[in-house]
Structures are given as C-alpha cells and as structure tokens.
Amino acid sequence: MQRSLYISPDKCTGCLQCEMACSYEHEGNFNPAKSRIKVFSFHTEGRFVPYTCTQCAEAWCKSACPTEAITLDVATGAKMVNDGLCVGCKVCTIACPFGTINYNTATGKVTKCDLCGGDPACAKACPTQAITYIDAEGTGYDKMRSWAARTDNQSAAQA
Amino acid sequence: MGWQKKILRVNLTNGTCTAEPLNMEWAADYLGQRGLGSKYLVEEVDPKVDPLSPDNKLIFATGPLTGTPASTGARYSVITKGALTGAIACSNSGGYFGAELKFAGWDMIIFEGKAPKPVYLYIQDDKAELISADEIWGKSVWDADKYLHAKHQDPQLKISAIGRSGEEGVMYACIVNDLHRAAGRSGVGTVMGSKNLKAVAVRGTKGVSVKDPVRFMQTVGEKKQILAENPVTGQGLPTYGTQVLMNVVNEVGALPTHNAKSVQFDGASDISGEAMHEPRGSEGKANLVTNQACFGCTIACGRVARVDKDHYTVKNRPEYWGASGGLEYENAWSLGADCGVNDLDALTFANFICNEQGFDPITFGATMAAAMELYEMGVITDEDTGGVKLNFGSAEALTSMAELVGKGEGFGKILGLGSKRLCEKYGHPDLSMSVKGQEFPAYDPRGIQGMGLTYATSNRGACHLRSYTVASEILGIPEKTDPLVTEGKAGLVKAFQDATAAVDSSGLCVFTTFAWTLEDFYPQIDAACDGEWTLERLAHMGERIWNMERQFNLAAGFTAKDDTLPKRLLTEAAATGPAKGKVSGLDKMLPEYYELRGWSVDGVPTPDTLQNLGLS
C-alpha cells in the first residue's frame, strides 16, 4: 500500500512540533528554519495550515531537473533529491507549482520532503493528528465518513 | 547543550551590541530564564536604582529547553526592576519569539543604558544591530509588527514590541510578542519605553541542540503523553482555555467582584469559557474562533477570538474585525467581574486594545475597578473623567478608558498610574487591591486562603503565577486541600513557590504542572543540559531563586510590612457563597511561612539559610 501525507488544517494549533521533528530528522538539530514542512498562520482568520510536498506522480521538479538529480523512491512514492547530482541550479524551485522544493544556502543543494523513508517524523510528532500518513487511495475517507453520517437521516432521527 | 552559551549585551547609550559567553557557573546554579536572568540582574543592578533610570537593566532570557520539542518549549522571561512595583520583576511570555531568539544562537539579551533616540534591535543569527525607530515610535504594537515585517521583507521575523502606552509611561506597560502574547506584568514594558527601545525583531536559522538527543526525544515523547491524557491539559485547557475557571471560581465564592467588594459575580456565566463557545444571537457565530498553541506546546490553551462586527466597539472599524488573541481567565475577570461588566464582546475588544497598545489587562481592569468605586463614592467626578460615567457595569466606560490608556491620553493618563498611585492620589490608598504596588488577580483570598499568602509573599507583587495553590485548593492537584482553612497553607505555598521558580527557569510553561511535577521536569532537563540534573537539584535551585529574589527586594527597601494584603481582604468578610463570613487568615499563615523559609520573624533570610542555598 502506498501512503500519502494527509493534512487537516482545521486540527492544526500552530505548535510547530512538525517543523522541529523534520529538522531533527534531516539536519540533526531543532531548527524550524530548515524544516521541509512549514506551518502558515493566517492570523486574522485564526487559521494554521501545515504545508509540504505532496509527491506528485508526474513531478514538475523531476521533469525540470537538468541533471536527473530528482528520482522516484519506488517504495514510498517520494521524489528524492540526490545531493551528489544536484548542482543547485534551482530550476526545480521554479518548476514546482507549489513551492515545496527549496534551496539550502548552507549546502548549495535543494531540499524537499522525502517522507523520511516511509515513516514521516512530522506525522509522528503532530499532537492533534492534523498531519497523518495514510493510504494514498483513501485520503478522503474520513471526510466521506463524516458526510455519510449526515446522510443517514433515519439513524439521526432515531437518536 | 540546551543552552547556546552566548548572550548579547546591548548598550543603548553607546549603541553597541556585544557577544559574551554565558556564565556557565551561574547556569549550573540557576539553569536559565527566570533564575539565570535574575542572577544577572542581581549581580549587575543596584537594588535601589530608579526603575526608569538608565542604570536599570532589562533582560530577555530564554531557558535551556526553549526552542526544543519538549512540550511548551516556547517561554522567555523579561527580568528587570519593575516600574509598577519597584520590586524585582520577571514576566514570562510564550508565542514564537523566545524560540526564535534561541534559534538565532542567543540565550539572553541584556539591555543597558538608554538610547539617545528611539531604536529597535534587529537580530539575524549572529548579526545584531540597533536601528532608528523613528518610523514606528508612536505606533501600536500591531502597526510596528506590520511595519517591521514589511521593511525587512521577512514573514518569518519574530517581533517583540511596546505600544504607545509603554512610550507614554503607563506604569503597567507590557512587552507584546507575536501580536498577542505578552510579558505582561509589573511594568516591564514601561522600563523598555524608558530606554527608548521600541522593539526587538529576530530571525534565527541556527537551531538548538541537546546533550543526548535520543534520550531527549524518548523522554519528551513520554511526557507529552502525560499531558495528552490528563483531563486538565488534555481536555479542559484546549477546549476552554484558562477560562475553564470562570464558573468554577465563581461557584466557590472566590471571584473578586466590584473591586473585591463581593466574591461572586452575577454575570460570571456570560463571560465564561463556555459563553465564548456559544453562537452569538446577532450573527450566529461564537466569540471563540479557535484555540492556539504557543511554540512547541501540545496543550494549546490560547484563545483566538473575534468581536461581532455589529458590536458598538467595532462598528465601522474594520481594523478590529479580524481574529486575534481572545480572553484568558485573568483578563475576563479583571475587565469583567471586577468592573462588573458582563458584555463578552466588550471585554474581548478591551483585551484587543491591551494587546494592540501593550498594557497589562489585569492591572488595567483592577485599576478601572478602583476608579469605579471612587467614582461611585463621588471622589472621582465627571470633570476628572471627561464626562464618562465610570459606574460599575458600564461596558462603554471600560472600552473608552482602555483606548485612552492605550494612547496615554486624558483620564487614561491617571488610570495609567495603576491602582496604588491612583488611590493614593485621591486619598483612599486602602481601595487599591494591590500588594507591593501590583494588583492581585482573579482569586479572592477570602475564598481560597492559600492565595492570600501567595499574594502577600510574592516577590514581584501580587501574582497568581508564583504559587498557584488554586491547583490544590480547588482542582485537587497534586492533592486536594480545603480552600477555606489556613492550616498547612504555609508549607503548600512554599512548595509551590520553589517548584514554580524551577519550572520558570527551564523554558517550559507552568501550565504543564497541572499534569507534571518536578519529577517530570528533571529527566527532560537532564537529557538536554550539561551536568547531572536531579529532582533534588531542581528543588534546591527553586528555593535558591526565591531567596535571591527576596534578598534583592529587601535591599531595595521592602520589609515584612510589605508582606500583607489590602485591608478589605483582612477585615471585610465575604458576604455570599461558601466563604461567607470569612476574611483572609494571613496572620495565621505568615509566621509559619517565615519559619519554614528559614527567615527571621522580620522576614529576613538567616545566615544559615543563605549559606545552605549558596547565597552567602
């Protein structure tokens, strides 16, 4: 079963535990500035929205890369940056429609979410299940379930 | 590790920013944040200094767990000699600013002197510079925040600032970070304003490391689980915030009302955490928009709220239509019950103004309540107030005066003095509900006896956060004690004071102590910090910090006479509720407290006590 990161912004409290977990996994210290997942705050609306790479099946970053540094991890579906091949040209950062691949000035390479090899640290660290790692073919099932409950009028009437 | 081992010294008079190594000997004895920041203050500042003179210093201090995944690792404290009190001040704030300062590589900033012209401090990792604040002096916290983000073209910049009230010398100005988190009490923002320092803007990309990352991650994970499973930190606080307490405290007859003339408020349920969830009749939406976490917090008690667009306070003022920091229990009490106002949106608006212009809603509300009592006595007149009727229960009086205090204009200048100076000015000093110049918060000592001793002995003036015996006396944490008796409260207060001083030095939030004890703190600190950190070491350190603060205050001129309560609490019995007929039994608790502390009958630590704590 292939899984995807699935994000429910309505559950996010803005604690940034995901950013710390991501930076610890990839950089070895707690450093949200280097996190590959970012939580955006929309202050006047009272909303927090985590956002990261959704691992496009046909990835713009991968197609754009002139050195074929971005490859598919068949096991997880993640698009991986091979640091040995990346020349830091940043063309992928232009090609990506979502902005989720970014340049790291310290290494001269681009970085993006690699799904932590199939066990994403952000999802494990999230205290409210705003970030989950679930069956890629069933990311809508929770929403379907809640709507399904509403359509079952008979049971609601009895309750 | 845990620490960045580096502090930034900013001499505002000379305009210099200098890096210094953190004094690791002191860090071993005082850990960080409150303890370590206070140690620096005590070593560097004459206790007799005028709080508003350039010789006072202003210290922003993080803890070793600030900026780590330990739950609630957001905290920083501002330590100085308080403008409101003249006592040692240490005001603690969450949000994102403290962690960002740490990520930039700094444990602490020490501001000294006074800038010749208004400035702000801009930090990008190792680089720190003072920049002219001409463009933002005279502006609110919110406008300054917007301006600095735009100017530096950095949405990730974290900003801590004073508003107009801090510039205008309102004696209880806050330092507000991330728009609505505040180092709130004792006038730390007034000290910042006196130094012509408008803001600190920081961007950090260096990160934080700990001693034993594997053990640390394991330990903090287990401790987060405890918070998640606890009914207060896992359910009550995320759902209702600290406002979970409004109805509870009213029912036990400990909600100071009408300047503490009463202990129960008829309108309590209208301004409660439950009411914040109720859809408003006017528009069908609730006051509460969502809850919010500070950095790293897995409790998420913060309130994000919105004022109804048709409410009189914001009609035709779209700048106040968006969501922002909502009511916490203390603010809902001070602006609400203490002033007799039960209009939830009016309180929310007044709270917005406190955040926007940077002043402490507890002291503001309690000062309003004192002014309302004086107005109803005929001592303060319409002439004084510019025609505003300051009757208890008037939402219009509350919100119009909040705006005046925010700008330091009109009668707002008088209200900006705080209740002690205001009541003295009008010849009724007993009507100020304050200790050491600072107003007590939302728990009436007649109905919760331990809080009387808490207020009387707090080193920063009356405060609930120095020993929150409410946890034991009302909520039964860690064990239930009877709120109406004085027996055993001296020991309870001492234990809470010492443990809290340790918690406040770690970088974590005291709200975790609804679920955690020091038993849960020390393994997290030990996995992060150099050296061996045990339960005993933390407890001993807490007691050391408490006595160090006490020594500063004694040297500043405070005596045992100042360890008291407003006359009203000692002589006017509660008229209703479970505490009916009770006054505060402070006189029964205080001598025992001094004895347990190892202090003389005059409240002075004995040489043996000081030696035992390494303070000789």
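Miscellaneous remarks
- Test set (1) in contact (Cβ under 8 Å) with a residue 60 or more places away in the chain; (2) within 13 Å of chain A (Cβ to nearest Cβ) - residue B:271 fails condition number: (2)
- Here residue B:176 meets the list (1) crowded, with 24+ Cβ neighbours inside 10 Å; (2) in contact with a strand residue (DSSP E or B) (Cβ under 8 Å, 6 or more places away or on another chain); (3) of a type in the set (A, V, I, L, M, F, W, C); (4) away from chain A (no Cβ under 14 Å) almost entirely, failing just condition (4).
- Selection of the range B:200-249 for residues being within 14 Å of chain A (Cβ to nearest Cβ) and of a type in the set (Gly, Ala, Ser) yields B:204, B:207, B:209, B:221, B:228, B:234, B:241.
- Enumeration of residues in the range A:1-52 that are more than 17 Å from residue A:102 (Cβ to Cβ), of a type in the set (D, E, K, R) and touching a strand residue (DSSP E or B) at 6+ places or on another chain (Cβ under 7 Å): A:3
- Filter result (touching a Gly at 6+ places or on another chain (Cβ under 9 Å) and within 14 Å of another protein chain (Cβ to nearest Cβ)) within the range B:157-173: B:158
- The listed residue being of a type in the set (Lys, Arg), under 18 Å from residue B:486 (Cα atoms) and surrounded by fewer than 18 Cβ atoms within 10 Å (Cβ to Cβ), out of B:561, B:588: B:588
- Residue in the range A:47-65 that is free of Cβ contacts under 8 Å to residues at least 12 places away in the same chain and facing chain B (nearest Cβ under 7 Å) present: no
- Any hit, the range B:532-549, residues being in contact with a strand residue (DSSP E or B) (Cβ under 6 Å, 6 or more places away or on another chain) and within 26 Å of residue B:605 (Cβ to Cβ): yes
- Subset of the range B:356-382 [of a type in the set (S, T, N, Q), out of contact with any Lys or Arg (no Cβ under 8 Å at 6 or more places or on another chain) and either closer than 29 Å to residue B:181 by Cβ or touching a residue at least 60 places away in the same chain (Cβ under 8 Å) (or both)]: B:367
- Yes/no for residue B:36 being part of a loop (DSSP other than H, G, I, E, B) and not charged (D, E, K, R): no
- Flag set for residue B:181, criterion: of a type in the set (Lys, Arg), within 22 Å of residue B:463 (Cα to Cα) and within 14 Å of another protein chain (Cβ to nearest Cβ).
- The residue pairs whose first member lies in the range A:116-135 and is closer than 11 Å to residue A:13 by Cα and within 14 Å of chain B (Cβ to nearest Cβ), whose second member is surrounded by fewer than 19 Cβ atoms within 10 Å (Cβ to Cβ) and aliphatic (A, V, I, L, M), and whose beta carbons are closer than 8 Å, counting only pairs six or more residues apart or on different chains, are A:127/B:228.
Table: residues versus (1) over 29 Å from residue B:417 (Cα atoms); (2) of a type in the set (A, V, I, L, M, F, W, C).
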site: B:97; (1), (2): no, yes
site: B:106; (1), (2): yes, yes
site: B:118; (1), (2): no, no
site: B:156; (1), (2): yes, no
site: B:162; (1), (2): no, yes
site: B:169; (1), (2): no, no
site: B:172; (1), (2): no, no
site: B:183; (1), (2): no, yes
site: B:193; (1), (2): no, no
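- Helices (runs of 4 or more DSSP H) enclosed by the range B:456-546 - at least 3 residues per element that are more than 24 Å from residue B:99 (Cβ to Cβ) and either aliphatic (A, V, I, L, M) or over 17 Å from the mean Cα position of the chain (by Cα) (or both): B:470-473, B:489-503
- Members of the range A:22-44 that are within 8 Å of chain B (Cβ to nearest Cβ), over 28 Å from residue B:146 (Cβ atoms) and of a type in the set (A, V, I, L, M, F, W, C): A:30
- Considering the conditions (1) part of a loop (DSSP other than H, G, I, E, B); (2) under 30 Å from residue B:258 (Cβ atoms), residue B:616 is excluded by exactly one of them, (2).
- Filtered residues of the range B:320-345 (kept if touching a His at 6+ places or on another chain (Cβ under 8 Å), under 17 Å from residue B:288 (Cα atoms) and crowded, with 24+ Cβ neighbours inside 10 Å): B:325
- Within the set B:305, B:293, B:350, the sole residue that is within 22 Å of the chain's Cα centre (by Cα) and away from chain A (no Cβ under 11 Å) turns out to be B:350.
- Every residue from the range B:266-303 that is outside any helix (DSSP H, G or I), surrounded by fewer than 24 Cβ atoms within 10 Å (Cβ to Cβ) and not charged (D, E, K, R): B:267, B:279, B:281, B:282, B:284, B:286, B:287, B:289, B:290, B:291, B:300
- Selection of the range B:415-438 for residues being touching a Leu at 6+ places or on another chain (Cβ under 7 Å) and either assigned to a strand (DSSP E or B) or over 19 Å from residue B:187 (Cβ atoms) (or both) yields B:426, B:428, B:431, B:435, B:438.
Every read-out reported here was derived from the displayed coordinates using simple, explicitly stated rules and does not represent laboratory data. These figures come from a predicted structure and were not determined experimentally. Positions of Cβ are generated from backbone atoms using ideal geometry, with glycine treated the same way; all protein chains shown enter the neighbour counts.
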